[in-house]
Each structure stands twice: as structure tokens, then as C-alpha cells.
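Notes for the one structure printed next.
The values are calculated or read from the model by the stated rules, or taken from the named source; none is laboratory data. For clarity, every value in this text was computed on a predicted model and none was experimentally measured. In this analysis, Cβ positions are derived from the backbone assuming ideal geometry, glycine residues included, and neighbour counts consider all displayed protein chains.
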Amino acid sequence: MVDRIYNFSPGPATLPYSVLEEAAKDIVNFNDKGIGLIELSHRSREFMAVAEKTEILVRELLSVPDNYKVLFLQGGASSQFFMVPMNLLGTGKKATFLNTGVWSKKAIKEAKIFGEVEVAFSSEDTSFNRVPEDDEYTVAPDSEYLYLVSNNTIYGTQFAKFPEKDIMLICDMSSDIFSRTLDVSKFGIIFAGAQKNMGPAGVTVVIIREDLLNRTPDNVPTMLRYQTHADKGSMFNTPPTFAIYCVGRVMNWLKDQGGVAAMEKRNQKKAALLYGAIDGGNFYRGHAEKESRSMMNIAFNLPTPELEARFIAEAAVIGLDGLKGHRSIGGCRASIYNAFPREGVEKLVDFMTEFAENNS
Ligand SMILES: *Cc1c(COP(=O)(O)O)cnc(C)c1O
């Protein structure tokens with residue numbers, strides 16, 4: 001194995017090394033067929049099998065019920081910000097949003113183009129440092145759905161429990177899909193860009209309940225209708241074949257690791273190590289309120305911006321890379337998705353202890 005640094009980047013993010021190796025080999029010579037993976041026709045028997053296997057693994061790992069379609073789309077998670085309301089709203093139709101950060105704000109902005117929007121909760125006035133409890137907001141009774149972002153990548157907040165409201169949930173799970181078990185049947189649509197917890201950039205996984213497919217207004221273009229992609233098994237046009245292949249390999253790896261429940265336990269332990277280092281003294285300060293803490297992205301501050309800059313630079317020297325916080329809140333952030341190894345978290349914790357001792 002080549003010398004690897006620990007990559008704390010929020011996305012594109014670290015992937016299992018075994019997947020990178022498999023992909024490197026298959027790009028050149030797929031399954032020893034004498035043709036490269038990214039040269040294969042998406043309609044070839046070989047690639048169709050790859051896509052089919054990827055879907056089967058996604059379904060198996062998340063226990064996706066039979067009345068849901070799994071789609072592999074392009075345009076990033078950001079395209080879902082408009083595709084969801086474009087397909088599910090329309091004149092006079094309303095949706096309720098929980099505003100827990102930049103990604104929900106962007107989705108709110110797009111939804112307003114297609115229908116009425118009610119923002120039932122916002123933590124914007126406290127720099128999005130928390131997500132709401134169920135009793136902190138009400139959902140407009142005439143709403144089509146309640147929209148939320150399960151893990152707020154930038155601020156390091158996460159819904160520990162999904163809302164239990166009498167309404168269909170639509171959820172952006174870009175930064176925590178496959179990190180914990182969940183009940184898909186509570187959701188109308190789950191979507192996630194692959195580049196955080198599933199694979200490389202280029203594909204967005206959309207899990208959609210079948211009865212939602214025929215609600216789309218007539219004036220929506222063919223490419224932007226969920227039904228189009230559901231009817232054609234995500235092959236209406238050329239799909240992002242390499243990204244779909246990689247997601248399949250990551251799913252395979254995840255299964256080898258014991259599946260989502262086993263991964264969730266590991267994620268909890270990794271996050272607990274880091275939060276322990278933050279709470280263990282007065283030097284580091286976590287951005288998120290404790291009840292809202294994310295297992296995937298840990299955002300924290302040091303006493304001064306100068307110390308933060310030095311922390312990030314010195315960490316990089318010893319192979320702890322990508323710890324700079326998002327430009328909107330500054331500070332530091334450690335993204336520790338499924339494929340991020342525990343040893344890297346331990347190394348960061350050791351460095352944090354040493355850095356605090358040297359700079360207090
Ligand atoms: C990264 C991210 C996005 C944006 O994804 P793109 O694929 O770049 O459009 C959306 N939502 C969340 C929660 C994210 O973390």
C-alpha cells in the first residue's frame with residue numbers, strides 16, 4: 001500500500017483503499033475482459049450487471065422496501081433541491097422546511113420557485129449550531145411534505161432521531177447516508193450525492209416512493225421527471241458509469257464490514273473519541289450543541305483564529321489533512337465518514353492533546 005495521508009475532507013472524501021485499488025485495475029481492464037470499465041457501453045451486458053448489482057446492494061444495505069425505486073441521477077444533490085419541488089409541488093401546493101444550514105437554505109430558495117414554502121424552524125440566528133426537537137415546531141397541515149437535511153455537513157449537526165410527525169419526510173442525506181440504520185418507509189424521497197459517504201462525485205442516489213412518480217406537472221421537461229428515470233432503470237440517457245461502479249464497490253465493502261448497523265457502531269465510537277478530546281479541557285470548543293452533534297462532521301474552534309490556522313498547518317505536516325472548517329463558519333472540521341479509519345481519529349486526538357498542551 002502506498003503511503004496514505006489521513007483525509008478529513010468533507011467531500012469528495014476518503015474512500016476505502018481496497019475500492020481505489022479495484023477501480024484502478026478495472027479502469028484499465030474490467031474483469032479481465034480486455035476493455036476498460038470507463039470504455040464500456042452503458043448498455044453492455046457487463047455494465048448492466050454492474051448497475052444492477054449496485055442497486056441490489058443499496059436496497060439490501062438500507063432495507064429499501066419494494067415500493068421504492070432507487071435511481072442514479074446526475075447534477076449533484078443540488079439538482080434535487082429543484083427536482084423535488086418541481087415534481088411534487090405546483091401552484092397552491094405547500095411544503096414545510098426545517099432550516100438547519102446552507103444546504104436547507106438552498107433547497108428552500110428553489111422550492112419557492114414551484115410552490116409555497118413554510119419554514120417551521122430555523123437555527124440560523126445561532127450559526128446553525130443545532131437541529132430541532134419534534135416539539136419545537138409544527139408542520140402546516142396542508143403541506144405535501146416536511147423537508148430536512150439529516151446531517152449538516154458544514155456545522156456538524158445531525159438529527160439523532162428523525163421527526164415523528166404525521167407527514168411524509170423528504171430528506172437530503174448527502175453526508176450521512178449508509179452511516180446508520182433507518183426506516184426508509186418514513187420517507188417519500190431520500191437523496192444523497194455520492195461523494196461523501198458512497199463513492200466519487202458524479203452520481204446522486206435518489207430513493208423514491210413509487211406513488212410519487214406520477215404527481216409531476218405536465219410542463220416539467222422529460223429529463224427532470226423522476227418517472228422518466230424510474231421507467232428506464234436510470235438509463236434514459238448515459239448514466240455516470242464510473243461513479244455507479246464505485247458506489248457498487250463501496251457498498252460491497254460496506255457489506256464486508258458487517259453492514260450499516262455495524263458501521264453505525266464504529267461511527268459512534270470514532271465520533272466519541274473526537275468529542276472526548278474536545279470536551280476534555282477548555283482549549284477546544286465544539287460548534288454544535290451536544291444533543292445535535294454529528295457522527296460524521298465534527299466542527300470545532302480553538303481559542304483564536306491564529307491558533308486555528310497553526311493547528312491546521314501543523315496537522316497537515318504529520319499527514320492529517322483537510323481540517324479547515326467551511327468558509328462560512330471558519331474554525332476546524334474533521335469529517336469522518338464510514339471509510340475514514342479509526343487510526344486516523346486516534347492520531348488526530350493525540351495531536352489535539354499535544355497541541356493544546358503546547359499552546360495553552
Ligand atoms: C455536499 C452537500 C450537498 C451538495 O452536494 P452536490 O452534490 O455538490 O450538489 C447537499 N447537501 C448536503 C447535506 C451536502 O453535504
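Beta carbons closer than 6 Å, at least 6 apart along the sequence or on distinct chains, pair a first residue in the stretch 68-96 that is at pLDDT 95 or above with a second that is in a loop (DSSP other than H, G, I, E, B) and among the hydroxyl-bearing types (S, T, Y) for L71/S234; F72/S234; A77/S174; N87/T216. Taken over the stretch 59-109, residues that are within 16 Å of the ligand (Cβ to nearest atom) and part of a strand (DSSP E or B) amount to 6.
Taking the stretch 146-185 as the region of interest, how many residues are within 15 Å of the ligand (Cβ to nearest atom) and either free of Cβ contacts under 8 Å to residues at least 12 places away in the same chain or among the β-branched types (V, I, T) (or both)? Selection size over the stretch 146-185: 6. The set of residues from the stretch 196-210 being under 15 Å from E55 (Cβ atoms) and either crowded, with 21+ Cβ neighbours inside 10 Å or not assigned by TED's automatic domain parsing to the domain that holds V84 (or both) comprises M198, G199, V203, T204, V205, V206, I207, I208.
Checked against the criterion of being outside the structural domain of M173 (by TED's automatic domain parsing) and of a type in the set (D, E, K, R), the stretch 24-46 has no qualifying residue. For G281, the criteria (1) outside the structural domain of E39 (by TED's automatic domain parsing); (2) within 16 Å of the ligand (Cβ to nearest atom); (3) of a type outside the set (A, V, I, L, M, F, W, C); (4) more than 26 Å from T100 (Cα to Cα) hold in every case but one, which is (2). N338 satisfies every condition listed in (1) crowded, with 20+ Cβ neighbours inside 10 Å; (2) in a helix (DSSP H, G or I); (3) of a type in the set (S, T, N, Q) except (2). Here is a check on your reading of the model: is G193 assigned by TED's automatic domain parsing to the domain that holds S78, within 16 Å of the ligand (Cβ to nearest atom) and within 22 Å of the chain's Cα centre (by Cα)? Here the answer is yes, as G193 does meet what is asked. Note on the stretch 177-193: among residues that are among the polar types (S, T, N, Q) and over 16 Å from D66 (Cβ atoms), the one that is surrounded by the most Cβ atoms within 10 Å (Cβ to Cβ) is S179. I'd like to know if the stretch 341-350 contains one or more residues that are over 25 Å from the mean Cα position of the chain (by Cα) and surrounded by fewer than 23 Cβ atoms within 10 Å (Cβ to Cβ). Yes; the residues of the stretch 341-350 include at least one that is over 25 Å from the mean Cα position of the chain (by Cα) and surrounded by fewer than 23 Cβ atoms within 10 Å (Cβ to Cβ). Among residues of the stretch 248-271 that are modelled with pLDDT under 95, none has a Cβ under 8 angstrom from a residue that is small (G, A, S) at a sequence gap of 6+ or on a separate chain. When the residues of the stretch 10-47 are filtered to those that are under 24 Å from the mean Cα position of the chain (by Cα) and assigned to a loop (DSSP other than H, G, I, E, B), which remaining residue is farthest from A192 (Cα to Cα)? Result: P16. Quick check on D26: is it farther than 27 Å from E264 by Cβ and exposed (fewer than 14 other Cβ atoms within 10 Å of the Cβ)? Taking the combined requirement at face value, the residue does not satisfy it. Checking G188, G248, G233 one by one, the residue that is more than 16 Å from the ligand (Cβ to nearest atom), in the same structural domain as P65 (by TED's automatic domain parsing) and part of a strand (DSSP E or B) is G188 and no other. Here is a check on your reading of the model: is M223 assigned to a helix (DSSP H, G or I) and either outside the structural domain of T96 (by TED's automatic domain parsing) or touching a residue at least 12 places away in the same chain (Cβ under 8 Å) (or both)? For M223, the condition - assigned to a helix (DSSP H, G or I) and either outside the structural domain of T96 (by TED's automatic domain parsing) or touching a residue at least 12 places away in the same chain (Cβ under 8 Å) (or both) - is met. Would you check which residues across the stretch 274-326 are part of a loop (DSSP other than H, G, I, E, B), under 27 Å from the mean Cα position of the chain (by Cα) and not hydroxyl-bearing (S, T, Y) and list them? Of everything in the stretch 274-326, those that are part of a loop (DSSP other than H, G, I, E, B), under 27 Å from the mean Cα position of the chain (by Cα) and not hydroxyl-bearing (S, T, Y) turn out to be H287, A288, E289, M295, M296, L302, G319, G322, L323, G325, H326.
Only a single criterion out of (1) in the same structural domain as L62 (by TED's automatic domain parsing); (2) part of a helix (DSSP H, G or I) is not satisfied by E264, namely (1).
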